[in-house]
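Q: Pasting a structure below so you can have a look.
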Amino acid sequence: MTAVLAHALALIRRDILKLEGPDPDRCAVAALYHDVTETITGDMPTPVKYHNPEIREAYKSIEHAAGDSLLKMLPEELQPHYRVLFAFEADNPELYRYVKAADKISAYIKCVEELRGGNDEFRRAAIQTREAIAKMGLPEADYYMEQFA
């Protein structure tokens, strides 16, 4: 879902808003791999991951080490191609913004699905996630939320 949304956001920027931005295909591929380190680390809930700076920095260090471990499992010839996908947060912050926005929109969609299913426990998360998307300052994300969410 995140890859589909990242691709859509880049297309919206390029084709609807007529603004310069990252390649939609590159956004999709980066989004495909954005959580790949979780195959080693497992998923840590966002509220825990961002609870305080020490936890956030420790988790980033763990993610970096997990990415390095995954790279070492690949043939040497393929490592450079995957290295950029595992470290795009630092190497390509613009691309990271699209993946992060897509990930948040995906979380918002999950909240809406849960609310439609009668699970009112997701109401607060839906509100907070929608606010976080609005604060990102991406016109394409705003467009997506207005037109499709």
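Q: Hey, ALA31 hits all of (1) at pLDDT 85 or above; (2) part of a helix (DSSP H, G or I); (3) out of contact with any Ser or Thr (no Cβ under 6 Å at 6 or more places or on another chain); (4) not β-branched (Val, Ile, Thr) but one; which does it fall short on?
A: Going through (1) at pLDDT 85 or above; (2) part of a helix (DSSP H, G or I); (3) out of contact with any Ser or Thr (no Cβ under 6 Å at 6 or more places or on another chain); (4) not β-branched (Val, Ile, Thr) one by one, ALA31 breaks only (3).
Q: Filter the range 73-93 for residues that are under 19 Å from LYS60 (Cβ atoms), exposed (fewer than 14 other Cβ atoms within 10 Å of the Cβ) and either of a type in the set (Asp, Glu) or more than 17 Å from the chain's Cα centre (by Cα) (or both) and give the result.
A: ASP91
Q: Continuing with the same structure: Suppose the filter is assigned to a helix (DSSP H, G or I) and either loosely packed, with under 15 Cβ neighbours inside 10 Å or touching an Asp or Glu at 6+ places or on another chain (Cβ under 9 Å) (or both); does ARG97 pass it?
A: Criteria not met by ARG97.
Q: Which of (1) under 20 Å from ASP43 (Cβ atoms); (2) touching a Phe, Trp or Tyr at 6+ places or on another chain (Cβ under 7 Å); (3) among the β-branched types (Val, Ile, Thr) is the odd one out, the single condition ILE133 does not satisfy?
A: Evaluating ILE133 over (1) under 20 Å from ASP43 (Cβ atoms); (2) touching a Phe, Trp or Tyr at 6+ places or on another chain (Cβ under 7 Å); (3) among the β-branched types (Val, Ile, Thr) leaves (1) as the failure.
Q: If you don't mind, another one. Of all residues in the range 3-19, count the ones that are out of contact with any helix residue (DSSP H, G or I) (no Cβ under 6 Å at 6 or more places or on another chain) and either modelled with pLDDT under 95 or open to solvent by less than 40 Å² (accessible area, probe 1.4 Å) (or both).
A: 1
Q: Hey, another quick one. Residues that are touching a Lys or Arg at 6+ places or on another chain (Cβ under 6 Å) and under 22 Å from ALA6 (Cα atoms): does the range 133-142 have at least one?
A: yes
Q: So, one more: In the range 36-47, which residue that is of a type in the set (Val, Ile, Thr) and in a loop (DSSP other than H, G, I, E, B) is most open to solvent (accessible area, probe 1.4 Å)? Quick ask: steps written out before the conclusion?
A: Keep residues of the range 36-47 that are of a type in the set (Val, Ile, Thr), which gives 36-37, 39-41, 46.
Still in the running and in a loop (DSSP other than H, G, I, E, B): 36-37.
Working: VAL36: 32, THR37: 12 Å².
Per the criteria, the residue is VAL36.
Q: Could you check the range 20-35 and list, in sequence order, the residues that are open to solvent by less than 70 Å² (accessible area, probe 1.4 Å) and aliphatic (A, V, I, L, M)?
A: Across the range 20-35, the qualifying residues are ALA28, VAL29, ALA30, ALA31.
Q: GLU57 - would you say it is at pLDDT below 95, closer than 21 Å to MET1 by Cα and either of a type in the set (D, E, K, R) or surrounded by 14 or more Cβ atoms within 10 Å (Cβ to Cβ) (or both)?
A: no
Q: Condition test on GLU146, is it of a type in the set (Asp, Glu), under 17 Å from the mean Cα position of the chain (by Cα) and part of a helix (DSSP H, G or I)?
A: no
The values are calculated or read from the model by the stated rules, or taken from the named source; none is laboratory data. Owing to the predicted nature of the structure, the values given are computational and were not obtained by experimental measurement. All Cβ positions, even for glycine, are placed from backbone atoms using ideal geometry, and neighbour counts span all protein chains on display. Ligands, DNA and RNA are excluded from the accessible area calculation, which covers all protein heavy atoms including side chains. Shrake-Rupley method; radii C 1.70, N 1.55, O 1.52, S 1.80 Å.
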